[in-house]
Amino acid sequence: MSHKEKIRQGIIGAILVIFAFITVFPIYFLAVNSFKGQQEIVASPIALPKSWNFGYLANAAKQIDLGRSLIQTILITVLAVGLIILVSSFAAWAIARMNFKVADFLFLAYTAAMLIPFQSVMYPLVSLVEKLGLKNTLGLVLMYGGFGLSMSVLLYRGFIKSVPASLEEAAMLDGANIFQMYRYVLMPLLKPTTVTVIITNAVWIWNDYLLPFLVIGNNDKKTLTLSLYYAKSLSGQYGNPWELIFPAVLLCIIPVVIIFIVLQKNIIEGISAGAVKG
């Protein structure tokens, strides 16, 4: 290995170490401060806790009503992601297999929708939902389903374009209807892309605050992020109860981190498989 090559690899290694530190440090900062009291957090926010006091986690779980909020968040996330997978995979299949100009127009419409910022449609959409009597969990799930379609259709359509249509035709000739073909032929092939769709949508739905705040508000069916906000608000507008905020945030992110770790090996595969082809 030449001297220049060693220098180049050393620089690349140093850059990777810096990026790794930038990525890991917020997690470390959150974790160590989840076991400290208010005074210790302010005095030494970066140091390890003097004692690992799990009482702060227990108190945070009580303050945010962890059990009820967790069940509500899981329910919304599972229903919304399921809706996104069902609708986007069917839509992508129809667009990929249609040989009409309308298919290109529909695909363009889906991709263009990704460029529309949520803030520009936020109030008109919430107003419409309220008029329809859907300012509840069902309305929230439907809204998440709509917002998650664009990227999911883009990923699914790219992969379906690479699947030979002859596989679907053979299944239909063997007597399968369109739903059986979708269930037993297409969906198994779409597994890597489906895992990617699950992760990308589940993470933002789980962590979202603004849409649940506008649709659900302060009632018994709050999500984790809403429960955290309203628990923090008890300290007043300018209060910062760090001994509550840090452990509560840690409890909120643990489930989605576990899901990400379990399914992460499929992300690159799914994105690569869903790359736009043809």
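The values are calculated or read from the model by the stated rules, or taken from the named source; none is laboratory data. Note that the structure is predicted; figures quoted are calculated from it, not measured. Neighbour counts are summed over all protein chains in view; Cβ atoms, including those assigned to glycine, are modelled from backbone coordinates with ideal geometry.
Data overview
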| item | result |
| --- | --- |
| Considering residues of the range 1-53 that are assigned to a loop (DSSP other than H, G, I, E, B) and among the aromatic types (Phe, Trp, Tyr) only, the residue surrounded by the fewest Cβ atoms within 10 Å (Cβ to Cβ) | Trp52 |
| Count of the range 49-73 residues which are within 24 Å of the chain's Cα centre (by Cα) and without any contact (Cβ under 8 Å) to a residue 40 or more places away in the chain | 2 |
| Matching residues, the range 195-240, being more than 30 Å from Phe159 (Cα to Cα), aromatic (Phe, Trp, Tyr) and touching a helix residue (DSSP H, G or I) at 6+ places or on another chain (Cβ under 9 Å) | Tyr209, Phe213, Tyr229 |
| Residue satisfying condition, being in a helix (DSSP H, G or I) and closer than 30 Å to Ile245 by Cβ, within set Leu186, Leu154, Leu140, Leu167 | Leu140 |
| Matching entry among Leu149, Leu115, Leu134 (being surrounded by 13 or more Cβ atoms within 10 Å (Cβ to Cβ), more than 26 Å from Gln264 (Cβ to Cβ) and within 25 Å of the chain's Cα centre (by Cα)) | Leu134 |
| Residue count for the range 173-230, restricted to those that are farther than 30 Å from Leu132 by Cα and either among the aromatic types (Phe, Trp, Tyr) or over 20 Å from the mean Cα position of the chain (by Cα) (or both) | 17 |
| Failed condition for Ser88, given (1) farther than 27 Å from Thr223 by Cβ; (2) of a type outside the set (Val, Ile, Thr); (3) in a helix (DSSP H, G or I) | (1) |
| Conditions (1) touching a Ser or Thr at 6+ places or on another chain (Cβ under 9 Å); (2) surrounded by 13 or more Cβ atoms within 10 Å (Cβ to Cβ); (3) not hydroxyl-bearing (Ser, Thr, Tyr); number of the one not met by Ala94 | (1) |
| Condition check for Ala112: small (Gly, Ala, Ser), at pLDDT below 90 and either in contact with a helix residue (DSSP H, G or I) (Cβ under 6 Å, 6 or more places away or on another chain) or not in a helix (DSSP H, G or I) (or both) | no |
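Matching residues to (1) over 16 Å from Val87 (Cα atoms); (2) touching a strand residue (DSSP E or B) at 6+ places or on another chain (Cβ under 7 Å); (3) of a type in the set (Lys, Arg); (4) part of a helix (DSSP H, G or I):
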| residue | (1), (2), (3), (4) |
| --- | --- |
| Asn99 | yes, no, no, no |
| Val121 | yes, no, no, yes |
| Leu125 | yes, no, no, yes |
| Phe159 | no, no, no, yes |
